[in-house]
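Everything below concerns the one structure shown next.
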Amino acid sequence: MMAQDIGWLKPPLVDSSSTPSIYRMTRRGNLSQLLTLKTFRAGEWIVEKLLAAAGMISILFIALIFVFLFKEALQFFKTVSPMDLIGKWVYDEYDEKWVFKTMWQAISSVPKYSLLPLLCGSFLVAFPSTVISAVFGIGCGIYLSEVASDKTREVLKPTLELFAGIPSVVIGFFMLMVAATPLQDIFHTKFRMNAFVGALGVTIVAFPIIVTLVEDSLRAVPKALREASYALGATRWQTIWRTTLPAAISGVSAACILGFGRALGETMIVLMVTGNAALVTGNVFSTVRSLTANIAAEMGYVEHQSEHYYALFLVGAVLFVITFVLNIFAEIILNRMRRKLRM
Amino acid sequence: MNRPETTEKNLKTEHKSGVEMDEALVKIKTRALSVYYGATQALKQVDMDIKKQAVTALIGPSGCGKSTFLRVFNRMNDMIPDTRLEGKATIDGIDIYSPNINVVTLRRLVGMVFQKSNPFPKTIFDNVAYGPKLNGVTNRSQLEEIVERSLIQAAIWDEVKDRLHRSAMELSGGQQQRVCIARALAVSPEILLMDEPASALDPISTAKIEELIHDLKKEYTIVIVTHNMQQAARVSDYTGFFLLGELIEFDKTERIFEVPKDKRTEDYITGRFG
C-alpha cells in the first residue's frame, strides 16, 4: 500500500482547525485506505430495509389474495362442469321437455350457476356509467387543465375529489330514496330499480377518477407543444382539439379504462338500486344483478365450503381477472403515451 | 414584392440606436417599448427598427430580455399572466397591440421557431400541414404541395421525403428543428422569429440551420435570438445588444463586432462578462 503525503487534498488558505474532517483524516491515514473504507450507517440501513419490506408486503398480500381466491374458485370445478357457467339443460316437468337455462339460481333443487346474467348485469351498469363519466369527465378534465384559471381549479378540483370520498352506501341510499322515482317518471320504466339508476349512481364514483386522470394526462403534455400550436396561429380550441388532446389520448383512454374498472368493481350502489334479479338482458332499464352485488348478496347465507360457496369465489375470481386485465391495458397505454411524449 | 435598393442617399431616419434606415425598408418598429412581468420590468424603453428581408440578431446575457423582445412580435407574451406592455410595436406601420388586432391572424403572419425543437407527436407530414390545415386548406394535393415546398425550403426534404408518414419524434434533434422551421414556413409568414434555434444542436446541424437562415432571408424578415456570438456575426445583418432589459447598442453587425460604440457591448462580445 502506498503511503504518501496527500496534503494537497487540503484546500489552501483554510485554517486546519475548521477544515472538514475528511481533510484531517487524510492527513493521518492514507488515501487508498480512506477511499476503500465502506461507510456504514445503521439508521439508513434500517430505513432502507423497512421501505423495501413495505413494498414487498403489498405485493405479497396481492399474491396471497390471488392464490386464495383461485384456490377456492377452482374447487368449484370438482363438482360442476365449466359448461354450467354458461347454462344448463334442465328438464322442464311442466312443458315436458329439456330447456337450456342461463340462470343464476344457486339455491334450488337443481342449482344453476350461469355467469351470463351476472356479466350482463355488470356490463349494463358499468358500460353506460363509463360512457356518461367519460363524456363529462373528459370535458371537465379539459376545462380544468386548459381553460380554468388557477383560482377556479383550486376550488373545483378538490370539490370533485370529494365526490370520490363519498361512501358508496350513501350514494346508493340517495339513488334509492331520492333519484329512483323521478328517474322512473322521466323514462317511464317498468322497474323503479334498474341498471340505469345503478349506472347513474356508479357515475358519481367513476367520474372523479376519470376527471383526475384526464386532467393529469393533459397537464403532462409539454407546454412547448401548446406554444408551437399557438405560434402557428391556432386558437385555444384548435390547440386543445388538434394538439393537446391527441398528445394525451393514451392517458385519456387509460382514464376511461380505469373508470370502467372502478364501475365494474362497485358493489354497494349496484346492490342497492338495481333490483338484483339475475336476468340475461340487453335492456338498461331492466332490473339486473351484477357480479359484485351477487357476491355481496349471497355471501351472508352461503354454506361454508359448499358448491355454492365455491361458486361465489369463482365469481370473485372472474371479476378479479377482468379488472386485472383492464388495469394492465391501462398501464400499457399510459406507458406508450410517456414514450410518445418523451417524458 | 417591391424591394427598394438601399443606397446611401435614401437613408433618412436616424435613431438613438445609431442605425440609419429607410422607412420603406423597415418591417418591424418599436418605440419606447417596455414589458413588465408583474412588478419586474423585462424590457426598458426599447427603440428598434428591423429591416425587411434581413437577419437581425439579438444578443446579450441570459435574462437580458431578448427572448421577451422576440415574443413581443407574435404576442406570445400575452399567454404569460400578469404581462403588461407599454410603448409601441408596429409591423408594416400597423400597431400590433392595438385592441382590434386579431392575434390569431398576426401569428400566421409571424412565424416562430423555438429553442428546443418541439415537433408535435404526429407524422412529419401532419406536423408541417398543421398550420395550413388551421387556415382551412383541406385539399390533399394542395397540402402535399405545401408540405413539399416547406420541407424543401427548410433544407430537409431529401432527408425525410421517404418517411413523411413516420413520426417526427423519430428524427434527430437537428432534423426535428428543421421540420419545425418547415412547419413555421408552411403558413407563409412574412416574419420569422427564431429563439436560439441552434442552441441544442451539434455543430453540423447548426451549420445547416445557419445556411438555411442565410437562404431564407431572401424572402423573410428574420429576427434571431442567439447566445452564440460567432453565430450572430455569421448570420446577421444587424445586431442588437441587450443588457438588463435595455437595448444598449443596435447597429450593422460588422460595426457591432468591429467598432462597438459602447464599452459594455465591447466587454460582452470580447467575453469579458456574460
Tally of residues being open to solvent by 10 Å² or more (accessible area, probe 1.4 Å), part of a helix (DSSP H, G or I) and not small (Gly, Ala, Ser) across region A:107-136 | 12
Please specify each residue of region A:168-189 satisfying the condition of being exposed (fewer than 11 other Cβ atoms within 10 Å of the Cβ) and farther than 14 Å from A:Val284 by Cβ.
-> A:Val178, A:Pro182, A:Asp185
Out of all the residues in region A:195-222, which are part of a helix (DSSP H, G or I), open to solvent by less than 30 Å² (accessible area, probe 1.4 Å) and under 17 Å from A:Ser253 (Cβ atoms)?
-> A:Ala206, A:Ile210, A:Val211, A:Val214, A:Glu215, A:Ser217, A:Leu218
Among A:Ala228, A:Ala148, A:Ala234, A:Ala179, which is the only one that is in contact with a helix residue (DSSP H, G or I) (Cβ under 8 Å, 6 or more places away or on another chain), of a type in the set (A, V, I, L, M, F, W, C) and away from every other protein chain (no Cβ under 14 Å)?
-> A:Ala179
Out of region B:245-274, which residues are under 20 Å from B:Thr68 (Cβ atoms) and open to solvent by less than 60 Å² (accessible area, probe 1.4 Å)?
-> B:Gly245, B:Leu247, B:Ile248, B:Glu249, B:Phe250, B:Thr265, B:Tyr268
Here the qualifying pairs (Cβ atoms under 7 Å; residues six or more apart or on different chains; first in region A:68-81 and over 18 Å from A:Lys112 (Cβ atoms); second assigned to a helix (DSSP H, G or I) and open to solvent by 40 Å² or more (accessible area, probe 1.4 Å)) come out as A:Leu69/A:Phe320
Out of region A:314-343, which residues are within 14 Å of the chain's Cα centre (by Cα), open to solvent by 40 Å² or more (accessible area, probe 1.4 Å) and closer than 15 Å to A:Asp216 by Cβ?
-> A:Glu331
Before we move on, is A:Arg262 part of a helix (DSSP H, G or I) and buried (at least 21 other Cβ atoms within 10 Å of the Cβ)?
-> yes
What tally of residues in region B:181-197 results from selecting those that are more than 16 Å from A:Ser229 (Cα to Cα) and open to solvent by 10 Å² or more (accessible area, probe 1.4 Å)?
-> 2
Condition set outside any strand (DSSP E or B) and among the β-branched types (Val, Ile, Thr), scope region A:82-102, selection nearest to A:Leu115 (Cα to Cα): answer is A:Ile86
A:Lys71 meets each of (1) in the same structural domain as A:Val284 (by TED's automatic domain parsing); (2) more than 24 Å from A:Glu266 (Cβ to Cβ) with one exception, condition (1)
Kindly check whether there is at least one residue in region B:110-121 that is open to solvent by 70 Å² or more (accessible area, probe 1.4 Å), within 14 Å of chain A (Cβ to nearest Cβ), more than 21 Å from A:Ala247 (Cβ to Cβ) and in a loop (DSSP other than H, G, I, E, B).
-> no
Got at least one residue in region A:223-238 being within 30 Å of B:Val128 (Cβ to Cβ), in contact (Cβ under 8 Å) with a residue 60 or more places away in the chain and in a helix (DSSP H, G or I)?
-> yes
Does region B:90-108 include one or more residues that are acidic (Asp, Glu) and open to solvent by 50 Å² or more (accessible area, probe 1.4 Å)?
-> yes
Out of curiosity, is B:Ile80 more than 15 Å from B:Leu193 (Cα to Cα), buried (at least 16 other Cβ atoms within 10 Å of the Cβ) and within 14 Å of another protein chain (Cβ to nearest Cβ)?
-> no
Residue check: is A:Arg192 open to solvent by 30 Å² or more (accessible area, probe 1.4 Å), away from chain B (no Cβ under 12 Å), modelled with pLDDT of 90 or more and part of a loop (DSSP other than H, G, I, E, B)?
-> yes
For A:Lys151, the lone unmet condition from (1) open to solvent by 30 Å² or more (accessible area, probe 1.4 Å); (2) within 19 Å of A:Ile132 (Cβ to Cβ) is (2)
Residues of region A:328-343 being out of contact with any helix residue (DSSP H, G or I) (no Cβ under 6 Å at 6 or more places or on another chain) and more than 14 Å from chain B (Cβ to nearest Cβ), which ones?
-> A:Ile328, A:Glu331, A:Ile332, A:Asn335
Within region B:122-156, count every residue that is more than 13 Å from chain A (Cβ to nearest Cβ), more than 21 Å from B:Leu193 (Cβ to Cβ) and assigned to a loop (DSSP other than H, G, I, E, B).
-> 2
Residue by residue through region B:157-176, note down the ones that are within 12 Å of another protein chain (Cβ to nearest Cβ) and open to solvent by less than 30 Å² (accessible area, probe 1.4 Å).
-> B:Ala168, B:Gln176
Somewhere in region B:124-140, is a residue touching a residue at least 60 places away in the same chain (Cβ under 8 Å) and open to solvent by less than 30 Å² (accessible area, probe 1.4 Å)?
-> no
Working only within region B:199-209, note down all residues that are under 15 Å from the mean Cα position of the chain (by Cα) and open to solvent by 10 Å² or more (accessible area, probe 1.4 Å).
-> B:Ser199
Quick one: which strands (runs of 3 or more DSSP E) sit completely within region B:158-274 and have at least 1 residues that are within 27 Å of B:Gly131 (Cα to Cα), in contact (Cβ under 8 Å) with a residue 12 or more places away in the chain and not β-branched (Val, Ile, Thr)?
-> B:191-195
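The values are calculated or read from the model by the stated rules, or taken from the named source; none is laboratory data. Given the structure is predicted, the values throughout are model-derived calculations rather than measurements. All Cβ positions, even for glycine, are placed from backbone atoms using ideal geometry, and neighbour counts span all protein chains on display. Keep in mind that these areas ignore ligands, DNA and RNA; they rest on the heavy atoms of the full protein, side chains included. Shrake-Rupley method; radii C 1.70, N 1.55, O 1.52, S 1.80 Å.
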